[in-house]
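Enquirer: Before we start, here is the structure in question, set down as structure tokens.
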Amino acid sequence: MIIDSHTHLFPEPVKKDRSVYFKNEPEFKLLYNSPKSRITSVDELLAAMDKHRVDISVVSGFPWRNPDYARLNNDAVIEAVNAHPDRIRGLACFDLAWEGAAGEAERCIDEGLSGVGELAFYLSGIDANAIRILEPVMDMLREKGNKPCMIHTNEPLGHPYPGKTPVTLEQIDGLARAFPDNKIILAHWGGGIFFYNIMKKQMKERLKNIWYDTAASVFLYDPAIYDMAKAAGVLDRILFGTDYPLLTPERYYKDLDNSNLTEEEKAMVLGNNARALYNGL
């Protein structure tokens, strides 16, 4: 089974005219001002899944500042899940600065979504304030059966690109330390923090509840990243994610084939790990 753990979906009005939604949404404008930044429909997602042999996609919206936009996007994800329960699962998304964020997360989970994400701190990084405003959502997720929370991270070095946040490895470590009992998915390989799982002290314990997805990997890393994850002892917590429609699965399949993983290990990354995380997805 192939599970794409990181895809995005927007409501039809956003797809029709994204420019209407740029006002007071600097993060959305940053990422989607270019017409090259694709926005796709549910039908297009399903067609891409069929073409690339993906059985299930986990979809999320965008961390809108405007609560009305957040609810609109989450409702679109809920509708997609209800319409295609055998193909699509969903995550609730919003700007955590919204005081109603935890309530919106609870509403969405009660409506059938599988967790929260992709939450992002595009302008601040995961600073002390980010940890503080995460607390009510993380508390609620534990109360709802410890549902996963996916958080945007990126490597603190290398070339700049739209959406690259000022996050540091120290901040990511602080996130793990703040929520040791939550299931946390760090998007984009966790900014590379998984390498520190090979340290003899502290980090194995701190990172025990952290998963990592492969979203945008083909832009960032050589295929050897998979071998390094295995060497670091975290291969059972690596989740296949494409960031669709940014990328489609075949480029990831090629990287996996160019790694030294066995077929069984590839199957772990492509779906088995996600099934375990989401309790038999």
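The values are calculated or read from the model by the stated rules, or taken from the named source; none is laboratory data. If you're wondering where the values come from, they're calculated on a predicted model, not measured in any experiment. Every residue, glycine as well, gets a Cβ built from its backbone with ideal geometry; the counts of neighbours run over all protein chains shown.
Enquirer: Looking at segment 208-219, which of the residues that are aliphatic (A, V, I, L, M) and out of contact with any His (no Cβ under 7 Å at 6 or more places or on another chain) is nearest to GLU118 (Cα to Cα)?
Expert: Start the filter on segment 208-219 by keeping residues that are aliphatic (A, V, I, L, M), which leaves 210, 215-216, 218.
Within this subset, residues satisfying the condition of being out of contact with any His (no Cβ under 7 Å at 6 or more places or on another chain) are 210, 218.
Working: ILE210: 15, VAL218: 19 Å.
Of everything passing the filter in segment 208-219, ILE210 is nearest to GLU118 (Cα to Cα).
Enquirer: Here's something else I'd like to know. Name the one entry in ALA48, ALA130 that is assigned to a helix (DSSP H, G or I), under 22 Å from ARG177 (Cα atoms) and of a type in the set (Gly, Ala, Ser).
Expert: Working: ALA48 fails: under 22 Å from ARG177 (Cα atoms).
When all the criteria are applied, what remains is ALA130.
The rows are residues; the columns are (1) farther than 26 Å from LYS36 by Cβ; (2) hydrophobic (A, V, I, L, M, F, W, C).
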position: PRO166; (1), (2): no, no
position: ILE172; (1), (2): yes, yes
position: ALA176; (1), (2): yes, yes
position: GLY190; (1), (2): yes, no
position: TYR196; (1), (2): yes, no
position: TYR212; (1), (2): yes, no
position: ILE225; (1), (2): no, yes
position: THR248; (1), (2): no, no
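Enquirer: Of the conditions (1) part of a loop (DSSP other than H, G, I, E, B); (2) buried (at least 16 other Cβ atoms within 10 Å of the Cβ); (3) of a type in the set (D, E, K, R), GLU99 clears all except one; give me its number.
Expert: Every listed condition holds for GLU99 apart from (2).
Enquirer: Run down ARG87, ARG71 and say which single residue is touching an Asp or Glu at 6+ places or on another chain (Cβ under 9 Å), among the basic types (Lys, Arg), touching a residue at least 24 places away in the same chain (Cβ under 8 Å) and within 29 Å of LYS254 (Cα to Cα).
Expert: On the way: ARG71 fails: within 29 Å of LYS254 (Cα to Cα).
Only one candidate passes the filter, namely ARG87.
Enquirer: Given (1) of a type in the set (Asp, Glu); (2) at pLDDT below 95; (3) assigned to a helix (DSSP H, G or I), where does ASP139 come up short, assuming only one miss?
Expert: Result: ASP139 fails condition (2) only.
Enquirer: Right, another one. Which ranges mark the helices (runs of 4 or more DSSP H) fully within segment 186-281 that have 2 or more residues being among the aromatic types (Phe, Trp, Tyr)?
Expert: Because the criterion is at least 2 residues that are among the aromatic types (Phe, Trp, Tyr), the helices (runs of 4 or more DSSP H) in segment 186-281 that meet it are 250-257.
Enquirer: For residues that are surrounded by fewer than 23 Cβ atoms within 10 Å (Cβ to Cβ), over 25 Å from ARG107 (Cα atoms) and not basic (Lys, Arg), tally how many sit in segment 143-170.
Expert: Here the count works out to 14.
Enquirer: Among the candidates PRO162, PRO166, PRO180, single out the residue that is of a type outside the set (Phe, Trp, Tyr), under 17 Å from the mean Cα position of the chain (by Cα) and in a loop (DSSP other than H, G, I, E, B). Lay out the reasoning, then the answer.
Expert: Numbers: PRO166 fails: under 17 Å from the mean Cα position of the chain (by Cα); PRO180 fails: under 17 Å from the mean Cα position of the chain (by Cα).
Checking each option against the conditions leaves just PRO162.
Enquirer: May I pose another question? Return the pairs, sorted by first residue and then second, in which the second residue is modelled with pLDDT of 95 or more and of a type in the set (S, T, N, Q), the first residue lies in segment 242-265 and is over 11 Å from PRO223 (Cβ atoms) and buried (at least 16 other Cβ atoms within 10 Å of the Cβ), the beta carbons are less than 6 Å apart, and the residues are 6+ apart or on different chains.
Expert: What qualifies is TYR244/THR7; PRO249/THR242.
Enquirer: Quick check on my filter: what residues within segment 1-40 are part of a loop (DSSP other than H, G, I, E, B) and either surrounded by 16 or more Cβ atoms within 10 Å (Cβ to Cβ) or among the aromatic types (Phe, Trp, Tyr) (or both)?
Expert: ILE2, LEU9, PHE10, PRO11, PHE22, GLU25, ILE39, THR40 - these are the residues of segment 1-40 that are part of a loop (DSSP other than H, G, I, E, B) and either surrounded by 16 or more Cβ atoms within 10 Å (Cβ to Cβ) or among the aromatic types (Phe, Trp, Tyr) (or both).
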